[in-house]
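A short worksheet on the structure shown next.
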Amino acid sequence: MIQSHPRISKAVIPAAGLGTRFLPATKATPKEMLPVVDKPAIQYVVEEAVAAGLDDVLMVTGRNKRPLEDHFDRNYELESALEKKGDADRLAKVQESSDLATMHYVRQGDPKGLGHAVLCAAPHVGDEPFAVLLGDDLIDPRDPLLKRMIEVQEQHGGSVVALMEVAPEQIHLYGSAAVETTEDSDVVRVSGLVEKPDPADAPSNYAIIGRYVLDPAVFGILRQTEPGRGGEIQLTDALQQLAADEKVGGPVHGVVFKGRRYDTGDRGDYLRAIVRLACEREDLGPDFRAWLRRYVTEEMQER
Ligand code: UTP
């Protein structure tokens, strides 16, 4: 069923969390600014939004997050120094992030949870469907997910979440979805959602990951949503209400993602992301791979 609705053009990136898993690095620096090879994690996320056709980006920030705004702004001093040196390559790299998208910022004030961060976007988003990309979730650019989610939203209306199958012992780290199959093998209908369930109570091993395409009806629900798990206003709780009553904001579908994804807010995953992306880089990869091979062989011999 094709429905008529405005084209999705706005992306919201909540980046106001405290990043406690990365202390002390994140004491004075936002975790989204930690470099993944030579680009801050957040730049990959903005690039992903732009690649999916969303060039209006609202970042939800908070205290200590000024570097995020500076990164997507011009830096005339640095640009003129590089120009004087005739360093065109580095100049292009500096200008790349400020030319990417139309950036907007809103401050969350108190980090009262992801649901509350999304609600801060309501005045900017208005009454149109919009995308949400979590600032510390990195989807490998070769495995496009958001584009597919937008297609599914355009086909079915309502909201779309991204799901990834995880091991049963991992599901308590995520929101878990109760699902029904559809005629598309990568799309499921979501009938219920639970935030960070005990494995015994998890409706499935489908975990919600950090990409969403949401109907604006979610704002009305978030305004009424009481703090849930961890005393935070949970986006999953609002999505559960959307899934339970499709008259409010249409159905909720899930796109099952099988590609590469890294949670750069988690130290182990952050390291894996850097190693993997560095290995695959044309400029750094050949030397780095050769070193890594030697290092792993030596490590194996020593253990
Ligand atoms: P996380 O659960 O990763 O929390 O938030 P966190 O505070 O950022 O990091 P840790 O767990 O303390 O290390 C998921 C996403 O929601 C955003 C975060 O910035 C992150 O992108 N978020 C979370 C907000 O924007 N505001 C909040 O109040 C909470």
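Where a number appears in this text, it was derived from the coordinates with a stated rule and is not lab data. The structure displayed is predicted, hence computed values, not measured ones. Here Cβ is always computed from backbone atoms with ideal geometry, including for glycine, and neighbour counts include all displayed protein chains.
Figures for the structure shown
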quantity	calculated
Label zone at Q170, where the point sits 7 Å out along the Cα-to-Cβ direction: segment 190-221 residues whose backbone N lies under 14 Å	205-210
Segment 218-235 - phi-based ³J(HN,Hα) in whole Hz, Karplus 6.51/-1.76/1.60, Gly and Pro as x	4, 5, x, 5, 4, 4, 9, 6, 7, x, x, 3, x, x, 9, 7, 8, 4
Pairs of lysine residues in the chain - Cα separation under 18 Å, sequence separation of 8 or more or cross-chain	12
Most mobile listed residue (L163, L78, L100) in the chain, GNM with C-alpha springs under 10 Å	L78
Qualifying trypsin sites (Lys or Arg not before Pro) in segment 38-104, DSSP loop, other Cβ atoms within 10 Å at most 13	R63, R74
Of the GluC sites (Glu not before Pro) in segment 116-186, those whose Cβ has at most 15 other Cβ within 10 Å and which sit in DSSP loop	E183
Compactness relative to 2.2 N^0.38 Å, alpha carbon Rg of segment 208-266	1.27
Table column - 3J(HN,Hα) (Hz), segment 182-198, Karplus curve with 6.51, -1.76, 1.60, x for Gly and Pro	10, 6, 8, 5, 9, 10, 10, 8, 9, 9, x, 9, 10, 7, 6, x, 5
Long-range amide H partners of V132 with built H, under 5 Å	V12, Y212, V213, L214
Shape metrics for the chain, restricted to C-alpha atoms - Rg then Dmax, Å	20.1, 63
For segment 107-256, fraction of C-alpha pairs farther apart than 20 Å, in %	45 percent
Convex hull volume per residue for segment 105-187, taking Cα atoms only, in Å³	149 Å³
For segment 175-303, size of Cβ-based charge dipole, Lys and Arg +1, Asp and Glu -1, in debye	380 debye
Label-point separation in nm, D110 to L78, each point 7 Å along Cα→Cβ	3.5 nm
Contact order normalised by residue count of segment 212-303, Cα under 8 Å, 6+ apart, percent	14 percent
Cα radius of gyration and Dmax for segment 3-113 (Å)	15.6, 54
Length added when fully stretched, T20-E183, from 0.36 nm per residue minus Cα-Cα	54.5 nm
Lys, Arg +1 and Asp, Glu -1 on Cβ, resulting dipole of the chain about Cα centre, debye, nearest 20	620 debye
Computed label-point distance, nm, for sites R260 and E226 using a 7 Å Cα→Cβ extension	4.5 nm
Dipole-positive endmost among A121, G135, P168 within segment 109-212 (Cβ charges, Cα centre)	A121
Long-range HN-HN contacts of V187 with modeled amide H, under 5 Å	T182, V256
Coil-residue trypsin sites (Lys or Arg not before Pro) of segment 179-274, DSSP, other Cβ within 10 Å capped at 10	K258
Relative pair counts by distance (%), Cα atoms of segment 195-300, 5 Å bins	2, 9, 13, 14, 16, 11, 8, 8, 8, 6, 4, 1, 0
